[in-house]
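Here's the structure we're looking at; comments come further down.
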Amino acid sequence: MSGVYRANRKATDEDIIRLNSVGLSLSSIAKLLDCHPTTVTIRLKALGVSPSDTRRTFMEDVFMSLSPKQQDWLIKQLGPHISIKDYVRNLLVKEFLAKDGETDVKPPRAAKKTG
């Protein structure tokens, strides 16, 4: 492997860092930026940035960092028909609308229940 830096014309370091910071997997970042996942990995390593934790334990880490009172509150917010994914998406859309004033946004669809 060469130690020579070659600028990737498809993906800037800023784009890679930005998408990594929102928690996308390396393969998702690569797909969005039309490059190879190895390119994303090499660039993050060269920049000294750790890849986002995209394992299934992500939400466990978040949940366990909350106080018991906060955990109970979150559980009550979700109920049997709202997934954490939908809940977080709704919070993000609400915040976006508050900052942007955009009104033409489709409401999120509820997650399909399997099993």
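Quick note: the coordinates plus some simple rules give every number you see, no bench work behind them. Only a predicted model underlies this, so the values are computations on that prediction, with no experimental measurement involved. Methodologically, a virtual Cβ is constructed for each residue, glycine included, from the backbone with ideal geometry; neighbour enumeration extends over all protein chains shown.
Rounded to the nearest 20 debye, what is the charge dipole size of the range 58-100 about its Cα centre when +1 sits on each Lys and Arg Cβ and -1 on each Asp and Glu Cβ?
140 debye
So how much slack lies between Thr38 and Tyr87, counting 0.36 nm per residue of separation and subtracting their Cα-Cα distance, in nm? Kindly include the intermediate steps, with their values, before the conclusion.
Working: separation 49, 0.36 × 49 = 17.64 nm, distance 3.24 nm.
Net length gain for the segment: 14.4 nm.
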